[in-house]
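The values are calculated or read from the model by the stated rules, or taken from the named source; none is laboratory data. All values reported here derive from a predicted model rather than from experimental measurement. Backbone-built Cβ (ideal geometry, glycine too); neighbour counts: all protein chains shown. Surface areas here come from the heavy atoms of the whole protein model, side chains and all, with no ligands, DNA or RNA. Shrake-Rupley method; radii C 1.70, N 1.55, O 1.52, S 1.80 Å.
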Amino acid sequence: MPMKRFTLFTILFLSVSMTFSQTEGAYWKTITDRSAKIVAKLALADQAKQERAVHIIRDQYYLLNACYSLRDLKIKENTDKSLKEQIAQETLQETTNLNQAFVTRLKQVLTPAEVEAVKNGMTYHVYPNTVKAYQDMIPSLSKDDVHMIDSLLYEARDFAMQAESSEKKHAWFGKYKGKINNYLASHGYNLKEEGDKWAARLKKTNQ
C-alpha cells in the first residue's frame, strides 16, 4: 500500500505544471539555489551535466518535502499513537525509496566520486569529517575499528540525506555516533581519556 501511494505521488509531481503559488515559487527557488551550491563545488566543466545534476538534486528536495508534508497531514488526522508510529515508519520507507532512486539518477550523470561529493554536500560533510575526527582522537584505532566507524557513518549519511531538516540530519549522525561509542567502549577504548588527550594535543598545536 505505501508503494502505491509513493507511485501516485511521484506521478503527480512529474505531471504538475510550473505554475506555483508565491510560497511554492519561493521554496522552488530556495531548493534550486541550494542544489546549485552543492553542484558548484564539483567544478563541472560540462554545463549540460551541471544543469542536469542541479535539477536532480532540486527535484529530490521537492519530493522529500512533499512526502513529509503528506505525513504531517496524515498524523494531524490521527490521534492513535500506534497509528502515528505506523505512519512514521511508512514515511521512512517512502523516503528511503526516494533516496535510492535519487542516487541511481545521480549515477547516470556523475562519476562515483562526484556522487559522493553530492551526498556529503547534502549532509554538511559530517560523514568524512567525523571519520577523520575519530582517527585524530584515537590514533591507535585498528583498521577494523576504522572500517566499523566508516561503515556506520556511511549508513548514517544515507538516513541523513533523506531527513527533513538540518536538526534531524544531525540527529541521525548523533544516533550512529552513539553506536560507534558503544562499539569502541566494548573494545577497550576509554573515550573520555582519549578525548582529553586529543583536546590537549589540539591545544598544544594551536599555541
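For segment 103-113, name all the residues that are without any contact (Cβ under 8 Å) to a residue 40 or more places away in the chain and either open to solvent by less than 60 Å² (accessible area, probe 1.4 Å) or not in a helix (DSSP H, G or I) (or both). Even if it seems obvious, please write down each step before you answer.
Within segment 103-113, the first condition is being without any contact (Cβ under 8 Å) to a residue 40 or more places away in the chain, and the residues that meet it are 103-104, 107-108, 111-113.
Within segment 103-113, Val103, Gln108, Thr111 meet the criteria.
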Could you list, in sequence order, all residues of segment 27-47 that are touching a residue at least 12 places away in the same chain (Cβ under 8 Å), under 11 Å from Tyr61 (Cα atoms) and exposed (fewer than 15 other Cβ atoms within 10 Å of the Cβ)?
none
Can you name every residue in segment 180-190 that is touching a helix residue (DSSP H, G or I) at 6+ places or on another chain (Cβ under 6 Å) and either open to solvent by 90 Å² or more (accessible area, probe 1.4 Å) or farther than 25 Å from Asp158 by Cα (or both)?
none
Mind checking which pairs have a first residue in segment 154-166 that is touching a residue at least 40 places away in the same chain (Cβ under 8 Å) and within 17 Å of Tyr68 (Cα to Cα) and a second that is assigned to a loop (DSSP other than H, G, I, E, B) and open to solvent by less than 40 Å² (accessible area, probe 1.4 Å), Cβ under 8 Å, 6 or more apart or different chains?
Met161/Thr123
Just give me the residues in segment 81-102 being open to solvent by 70 Å² or more (accessible area, probe 1.4 Å) and more than 22 Å from Leu42 (Cβ to Cβ), in sequence order.
Lys81, Ser82, Lys84, Glu85, Gln86, Gln89, Gln93
Only unsatisfied item for Asn78, checking (1) open to solvent by less than 40 Å² (accessible area, probe 1.4 Å); (2) not in a helix (DSSP H, G or I), is (1)
Residue list for segment 151-163, filter: open to solvent by 40 Å² or more (accessible area, probe 1.4 Å) and either basic (Lys, Arg) or over 9 Å from the mean Cα position of the chain (by Cα) (or both):
Ser151, Tyr154, Glu155
Any residue at all in segment 162-178 that is of a type in the set (S, T, N, Q), under 23 Å from Ala40 (Cα atoms) and part of a helix (DSSP H, G or I)?
yes
Given (1) surrounded by 15 or more Cβ atoms within 10 Å (Cβ to Cβ); (2) among the acidic types (Asp, Glu); (3) in a helix (DSSP H, G or I), identify the lone condition not met by Asp144.
(1)
Which ones in segment 126-140 are open to solvent by less than 30 Å² (accessible area, probe 1.4 Å) and farther than 19 Å from Trp172 by Cα?
Met137, Ile138
Tell me, yes or no, whether segment 114-125 has at least one residue that is assigned to a helix (DSSP H, G or I), surrounded by 18 or more Cβ atoms within 10 Å (Cβ to Cβ), without any contact (Cβ under 8 Å) to a residue 60 or more places away in the chain and of a type in the set (Lys, Arg).
yes
